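See structure below.
What follows draws every value from the coordinates through simple rules; no lab data is involved. The structure presented is a predicted model; accordingly, all values stated were derived computationally and were not measured. So basically every Cβ, Gly included, is an ideal-geometry build from the backbone, and we count neighbours across all protein chains shown.
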Amino acid sequence: MQATVDSRDIPAGTLSVPQVRVVSRGRHLPDGIVGHAPRFEEVLNRINRVSATNATVLITGETGTGKELVARAIHRLSRRSSHGMVSANLSALPHELVASELFGHEAGAFTGAMQRRIGRFEAANASTLFLDEVGELPTGVQVALLRALQEGEFERIGSSQTRTVDVRVIAATNRNLKDAVEDGLFRRDLFYRLAVFPIHLPPLRERREDIPGLADHFLVEIATQLGREFSGIDAESMDRLIDYGWPGNIRELQNVIEHSAILCDGALLRVPPVLLSTQVIAGPASSSLSQAIESSERRLIEHALEESNGRVFGPIGAATRLGISSSTLESKIKRLRINKHQYRSSVA
C-alpha cells in the first residue's frame, strides 16, 4: 500500500493537494501485534522470554489494549502451538456455570445437565487455556482453579474421579487484582499463582508512536475485506488520530479506521472528525455536552461508592447498585480518576 505522493503527479495550477503522511509499519508478531514504541518494546521482550516456558502468565491492561492478541502470540510461539488455544471469557459466563465451563460435569449433576460435558481444562490438555477477565472468577471456584494450576488435577461436577491434565494457563484482566485481594474478593495465593510472569500492556495514549503503524495495519486489513485499494491516510487525519485520547485503546482505533474506510469514497482515507469528537478535537458544543455527561456520571459513581463503603465488587458493591459489570465500573473509576478508597469508613 503506497503512502506517498509524487509531486510530478500534481496537475499544473493545482492550488492545494492532500498531504499524505508516510505510514511506517511497526514490528509484527504473530496474530497482528504491531508496535515499536519504547513502552511496548518491554512487552515484546517479555513475550519472547516467556513463550518457550510453561510459566503461568497474567496479562493486565485497560479494555481494548490487546490482551487476547498477546495471549495468542505467546501460545503461537510456544511448544504447544500444534494444539489450538482454548479460551474462556469469565465475565460472559453466569456465575453458577463457571465451574461447569472450566471443569465439566456429569449427566444429572444439576438441573439442566442432560448429558456429560467436558470442561475447558480437559479441552486444553497439552495446550494453552486463556482465561479472560479472570478477576470476575467467583470466589467459590477460586480454590478449584488454584488446585488445577498447582496440581493439574480437578473433578467434573457430579463426579468423584480425579482427572489430571497438562495445561498452560494464560490469564488476563483489566482489574487491579491486588485491590481485589485486599478487599477479600480474590484469593491471595491464587493471585500469586497466576502472576508468575506478569505482562502489563500500556494504553494507546502512552504509545502514540505506534498509532501510524497500527492505523496502517488496520487499513490494510479492512481494504482486503472491502475489496478496495487505499493510497494512504490523509496527514490531517493522522494528526487527529495521534492527538486523540483513545479511551477504547486499540480496539477503538480499529473501529475508527473501519468506519472511516466504509464512508470514504476516494483512495485517500480521511477520518471524519465526528468519530473522534469526545476528546481533543471536540468542538465547544460537543465539549460542553461531554463535560455535562461526565460530571453526571461522576456524581452517580461517587454516590454508589459512598453507599457501598468504597467497595466495587460483590452483591452490595457499587457495580451492583449501578447495574453494570464490575470491570466496566473499574474502567470508569480509572478514567474519571476517582479515589474509591476515600469512601471506605474505618469500621467497614
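Multiplying the residue separation of GLU151 and ILE118 by 0.36 nm and removing their Cα-Cα distance gives an extension gain of 10.0 nm.
Here the calculated FRET efficiency for ARG228 and SER82, from their Cβ-Cβ distance with R0 = 35 Å, stands at 0.45, rounded to the nearest 0.05. Shown for ASP210, ASP189: other C-beta atoms within 10 Å of each C-beta, ranked fewest to most, produce the order ASP189, ASP210.
Here the Karplus relation 6.51 cos²θ - 1.76 cosθ + 1.60, evaluated at θ = phi - 60°, turns the backbone of the stretch 141-154 into coupling constants of 9, 5, 5, 5, 5, 4, 5, 5, 6, 7, 10, x, 10, 6 Hz, with x for every Gly and Pro. In the stretch 38-139, a dipole from Cβ-located charges (positive for Lys and Arg, negative for Asp and Glu) runs towards its positive end, and of GLY135, PHE121, HIS75 it is HIS75 whose Cα lies farthest in that direction. For GluC sites (Glu not before Pro), no site in the stretch 62-148 is both called loop by DSSP and has at most 11 other Cβ atoms within 10 Å. Near ASN176, once Lys and Arg are set to +1 and Asp and Glu to -1 for all other residues with Cβ below 12 Å from its Cβ, the sum equals -1. Label separation (ARG205 vs ARG344): 2.6 nm, computed from points 7 Å beyond Cα along the C-beta direction.
Relative to the present Cα-Cα distance, how much length would full extension add between ILE316 and ASN45 at 0.36 nm per residue of separation?
93.4 nm
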